[in-house]
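Asker: One structure, pasted below without further comment.
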Amino acid sequence: MSQPYIRLARPDDEEGLSRLDRAAWSTLHSVQPQPQPPYDPFFSERFGPRDHLVAELDGRLAGYVRIAYPTSLAVHSHVRQIQGLAVAAEARGAGVGRALVRAAVEHARKAGARRMTLRVLGHNAPARALYESEGFVVEGVLPEELLLDGKYVDDVLMGQAL
């Protein structure tokens, strides 16, 4: 397997990203209900191609990361937040997630951001380990903030200075 190639999403990635997102859905990382037909478009008025970096592996779509402002408030304009990360099952273990996180941090830095933040579910040990290995630190925990599959789950806030 080759190294992941990271690029800005394009409008024609819509269907592939939608399929990847549905296939990767899990209560390990999602607080949304499992998608059911008819499916909502992947790109929306709020999050378009400009808000996503995609990974290709051997010429195929292998993952994406969504980078956004935490809020629409001007006081948050110096912060970017990872608001979605998914890797295709067949691409896991090939460095796609790590490449996407690194690219997201660099993308935010180049855009002039001073901080990068994210929220991750407390029980998602693989994601937490990845983020920590890439310089994110736990900045807060909302204990038992979410009820998923009948279990209370912490909402973990992580961040790093850029």
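Asker: Net charge within 10 Å of Glu145 by Cβ-Cβ distance, Lys/Arg positive one each and Asp/Glu negative one each, not counting Glu145 itself?
Answerer: -2
Asker: For Ala104, what charge total do you get from the other residues with a beta carbon under 12 Å from its beta carbon, if Lys and Arg give +1 and Asp and Glu give -1?
Answerer: +3
Asker: Could you tell me what percent of the accessible area of the chain is made up of carbon and sulfur, with a 1.4 Å probe and every protein chain present?
Answerer: Taking all protein chains in place, the chain shows 51 percent carbon and sulfur surface.
Asker: Within the set of other residues whose C-beta is less than 14 Å from the C-beta of Ala23, count the net charge using Lys and Arg as +1 and Asp and Glu as -1.
Answerer: Local net charge: +1.
Asker: A further question follows. For Rg and Dmax of the Cα atoms in Å, the choices are (i) 15.3, 43; (ii) 18.8, 61; (iii) 15.2, 46; which was calculated from the structure?
Answerer: Checked against the structure: label (i).
Asker: Gain in length, Ser18 to Lys110, computed as 0.36 nm per residue apart minus the alpha-carbon separation, to one decimal in nm?
Answerer: Net length gain for the segment: 30.4 nm.
Asker: Counting Lys and Arg as +1 and Asp and Glu as -1, each charge on the Cβ, what is the dipole of the stretch 4-120 about the Cα centre in debye, to the nearest 20?
Answerer: Using only the charged Cβ atoms, the result is roughly 640 debye.
Asker: Enter the accessible area per residue of the stretch 1-104 (Å², integer; probe 1.4 Å; all protein chains in place).
Answerer: 57 Å²
Asker: Loop-only trypsin sites (Lys or Arg not before Pro) in the stretch 8-111, please: DSSP not H, G, I, E or B, and at most 11 other Cβ atoms within 10 Å.
Answerer: Within the stretch 8-111, the qualifying trypsin sites (Lys or Arg not before Pro) (loop, at most 11 other Cβ atoms within 10 Å) are Arg46.
The values are calculated or read from the model by the stated rules, or taken from the named source; none is laboratory data. No experiment lies behind these values; they were computed from the predicted model shown. So basically every Cβ, Gly included, is an ideal-geometry build from the backbone, and we count neighbours across all protein chains shown. The protein model used for the area step is the full one, side chains on, heavy atoms only, and it has no ligands, DNA or RNA in it. Shrake-Rupley method; radii C 1.70, N 1.55, O 1.52, S 1.80 Å.
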